[in-house]
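Here is the structure we will look at.
The values are calculated or read from the model by the stated rules, or taken from the named source; none is laboratory data. This structure is a prediction, so every number in the text was calculated from the model and none was measured. All Cβ positions, glycine included, derive from the backbone under ideal geometry; neighbour counts span all protein chains shown.
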Amino acid sequence: MREWVVTCFQRMRLAPAMSCLVAALVGTATLHAQPPPNPASPPPAPATRPDQQPQAQTPTSAPQTTAAQEGFVPVEQLPNPQDSVPAPRLVASAYALVWLVLMGYLYSIWRRLGTVGRELDTLSRRLSSGTRRP
Amino acid sequence: MRFLRTAWLVTRKDLLIEARSKEILLTTLFFAVSCVLVFAFGFVREGRAVTDAAAGILWIAIAFSGTLALGRAFERERQSETLRALMMAPVARPALYVGKLVSVLILLALVEAVVLPLVALMFQAPLFDHLPYVLGLLTTGTIGFAAVGTLFAAMLVRARSRDVLLPILLYPITIPVIIAGVRGTAALLQPEIDLPMARAWLAMLAFFDIVFVTLALWTFEPVMTE
Amino acid sequence: MFQKRLFLPVAVLVAVMFADAPFMILAAPYESTMGLVQKIFYFHAPIGMVMFLSTFVCGISSIIYLVTRRRSADHVAIAAGELAAVLGVIVLVTGPLWARKAWGVWWSWEPRLTSSLVLWLIFVAYLLLRRYGGPGSDRLGAGVAIFGMANVPFVYWSVNVWRTLHPKTTVVPTLPPLMRGPFWFSVVAFLLLYILIVLIRAGLERRRDDLEALYLAAEDGVDHA
C-alpha cells in the first residue's frame with residue numbers, strides 16, 4: 001500500500017496538482033459567497049470591544065481569558081497604536097507562511113523522491129542488463 | 001555485585017590514567033576559570049556584577065567545561081580503540097556506562113570545587129551562606145548533565161563531526177537542568193532568600209536525574225551495539 | 001491500517017478542508033480583546049498540537065526501532081522528526097506574529113512558545129545528527145529522539161515555573177461554541193495532513209534504503225565478476 005502512495009505522489013505532475021488546488025479554493029469561495037453570518041462588524045482593532053459576547057465564555061475579570069491567553073504574563077505597557085503593525089498584515093503573513101512552508105516541504109519531498117526514483121531506475125537497469133566492469 | 005565491581009574497575013582505570021597525566025583535569029580547570037573571567041569582563045560594571053549574573057555564569061561555566069571534559073574523555077577512548085575492547089568484554093554494558101559516568105562526575109566535582117569559590121569571589125555572591133542547598137543543586141545538576149552527556153559522548157565516539165555534534169545534541173536536552181540550576185542558585189542568592197523555591201528546583205533536578213540515568217542505562221546497550 | 005484506496009479520498013478531503021478552512025475561520029466571531037489577530041490561533045494552536053504529537057511519534061518509533069531493528073520504524077522516526085522541525089518553524093514564526101499584536105512584543109518567553117523552541121532545537125539537532133553523523137547515526141538518532149521525548153514534561157515544567165515564578169493553577173477556559181467549530185476543524189485537517197505527509201516521507205526513506213541495497217548488490221556483482 002505504502003508503495004502505491006509514494007509512487008502516486010512521485011508521479012504527480014506539478015501543474016495539474018496546482019490547478020486542482022486553485023480550482024478547489026475558487027470553488028469553495030463561490031460556495032461561501034454570502035457575507036459571514038456573525039455580525040462581527042466592528043473594525044479589527046484591539047482597542048474596540050464588541051458588546052455581543054457568546055454566552056458560553058468563562059466569566060472572569062476583564063479582559064476575558066481564552067485558550068490563547070492562558071499562561072500569558074501581561075506586558076506592563078503596550079506600545080502606541082501608531083507604532084504597531086496593522087493586524088490584517090500579521091494575519092495574512094502568518095497564513096501565507098503556513099502555506100509556503102508546507103508547500104515548500106511537500107515540494108522538497110517530491111524533488112527528492114524524483115531523484116531517488118531516477119537513480120533506482122538507472123541502477124536496476126544497469127544490474128539487469130548485466131553490464132560488468134572488467 | 002559484578003555490576004558494581006565492573007563499574008568500579010572502569011572508574012578506577014580512568015582515575016588512574018588521569019592521576020598520572022592530569023591532562024583532562026588541568027585543561028578543563030583552566031578552561032572553566034577563563035570562562036568565568038570572560039563572563040566577568042562581560043557582566044561586571046564599575047566593580048559590581050549585574051544581579052543574578054553569578055548563578056548564570058556558574059552554571060554556564062559548568063556546562064561548557066563539562067562538554068569539553070566529556071569530549072576529551074571519550075576522545076582518549078577512541079584513540080586507543082579501548083571502547084570497542086570494553087564493549088567486547090563479557091560484562092554488563094550498563095556497568096561500563098556507570099563506570100564512565102562516575103569518573104566524569106569526579107572530574108567535574110574537582111572542577112566545580114575551584115569554580116564555585118571563584119564565582120563567589122568575583123561576583124561577590126553569597127554562595128557559601130546556604131552551602132548544603134548549593135551543594136545539593138550542584139550535585140544533582142551535574143549528575144543530570146553528565147548522565148546525558150556520557151551517553152551522548154559514548155554514542156558519538158565513532159560518528160563523524162563528533163566534536164560539534166556533542167554540544168549540539170547535549171545543550172537542548174539539558175536545558176531543564178540549566179534552568180533548574182540557575183533559578184535554584186539564584187533563589188539562594190537574592191536578598192530575600194526563597195528556600196521553598198530552591199527546594200522545588202532541587203526536587204525537579206533529583207527527579208530528572210532518576211529518569212535520565214534510568215533511560216541511559218536502558219538505551220546504552222541497544223545504541224552502542226552494532 | 002490504511003487501505004490503498006483510502007489514500008486518494010483522504011488526500012482530496014484534506015485539500016477540500018484546507019480550502020474551506022479560511023472561510024470557516026473568517027466566519028467565526030472576533031475575539032473580544034484581540035480582534036482579527038486572534039484568527040492566527042486557528043492554525044497556530046493545531047499546528048502546535050501536531051508538532052508535539054510528532055515528537056512523540058518520533059520517540060516511540062525510535063524505541064520500536066531500537067528494540068526490534070525494523071527499518072520501517074526508523075523511516076517513520078525520521079519522517080516524524082523532520083516534520084517536527086518543519087511544523088516547529090511554523091509555530092515559532094506564527095507565535096511571535098500573533099504575540100506582536102496581542103502583547104506588544106515579538107518574543108516574551110511565554111512558557112509554551114519557549115518549550116516549543118527547546119523541543120524544536122532538540123529535533124533540529126536530531127536531524128543534524130542523522131545528516132552528518134555518518135554510518136550508524138540511525139541508532140544514535142534513535143537515542144536522541146527518545147531522550148527528546150522523555151524531556152518534554154521537564155522542559156515544560158521548568159520553563160513554566162521559570163517564567164512565572166510561582167506554579168499557577170491553569171484554568172482551561174471553554175472556547176465559545178462558534179469558535180470551537182473552526183478550531184476542531186483545523187485540528188482534524190492538520191492531523192490528517194500530518195498522517196499523509198509522514199506516510200510519503202517514510203516512503204522516501206524506504207526508497208533510499210532500497211537504493212542503498214541495490215548499490216551494495218551492484219558492488220557485489222562487480223566484485224564477483
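Assorted remarks:
- Residue count for region B:172-226, restricted to those that are small (Gly, Ala, Ser), surrounded by fewer than 20 Cβ atoms within 10 Å (Cβ to Cβ) and within 17 Å of the chain's Cα centre (by Cα): 1
- Verdict on C:LEU216 being modelled with pLDDT of 80 or more and either more than 9 Å from every other protein chain (Cβ to nearest Cβ) or over 30 Å from B:LEU202 (Cα atoms) (or both): yes
Each row is one residue, and each column tells you yes or no for (1) in a helix (DSSP H, G or I); (2) touching a Lys or Arg at 6+ places or on another chain (Cβ under 6 Å); (3) modelled with pLDDT under 80; (4) facing another protein chain (nearest Cβ under 8 Å).
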{"residue": "A:PRO74", "(1), (2), (3), (4)": "no, no, yes, yes"}
{"residue": "A:GLN77", "(1), (2), (3), (4)": "no, no, yes, yes"}
{"residue": "A:ASP83", "(1), (2), (3), (4)": "no, no, yes, no"}
{"residue": "A:PRO88", "(1), (2), (3), (4)": "yes, no, yes, yes"}
{"residue": "A:ALA92", "(1), (2), (3), (4)": "yes, no, yes, no"}
{"residue": "A:VAL98", "(1), (2), (3), (4)": "yes, no, no, yes"}
{"residue": "A:VAL101", "(1), (2), (3), (4)": "yes, no, no, yes"}
{"residue": "A:TYR105", "(1), (2), (3), (4)": "yes, no, no, yes"}
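Here is a yes/no grid of residues against (1) in contact (Cβ under 8 Å) with a residue 24 or more places away in the chain; (2) farther than 29 Å from B:ALA180 by Cβ:
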site: B:LEU16; (1), (2): no, yes
site: B:LYS22; (1), (2): no, yes
site: B:VAL36; (1), (2): yes, no
site: B:PHE41; (1), (2): no, no
site: B:VAL44; (1), (2): yes, no
site: B:VAL50; (1), (2): no, no
site: B:GLY66; (1), (2): yes, no
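- Restricting region B:106-143 to residues that are touching a Ser or Thr at 6+ places or on another chain (Cβ under 8 Å) and buried (at least 18 other Cβ atoms within 10 Å of the Cβ) leaves a set whose member that is farthest from B:THR11 (Cα to Cα) is B:LEU127.
- Helices (runs of 4 or more DSSP H) (entirely within region B:126-226) containing at least 1 residues that are touching a residue at least 60 places away in the same chain (Cβ under 8 Å) and touching an Asp or Glu at 6+ places or on another chain (Cβ under 8 Å): B:131-156, B:175-189
- B:PHE43 aromatic (Phe, Trp, Tyr), more than 30 Å from B:LEU96 (Cα to Cα) and either modelled with pLDDT under 95 or over 18 Å from the mean Cα position of the chain (by Cα) (or both): yes
- Scope region C:126-141; condition touching a Phe, Trp or Tyr at 6+ places or on another chain (Cβ under 9 Å) and more than 7 Å from chain B (Cβ to nearest Cβ); matching residues: C:ASP138, C:GLY141
- Residues in region C:108-125 that are within 14 Å of chain B (Cβ to nearest Cβ) and hydroxyl-bearing (Ser, Thr, Tyr): C:THR114, C:SER115, C:SER116.
- The residues listed here are C:VAL105, C:VAL86; of these, the one that is surrounded by fewer than 17 Cβ atoms within 10 Å (Cβ to Cβ), over 22 Å from B:GLY149 (Cβ atoms), facing another protein chain (nearest Cβ under 7 Å) and out of contact with any Ser or Thr (no Cβ under 8 Å at 6 or more places or on another chain) is C:VAL105.
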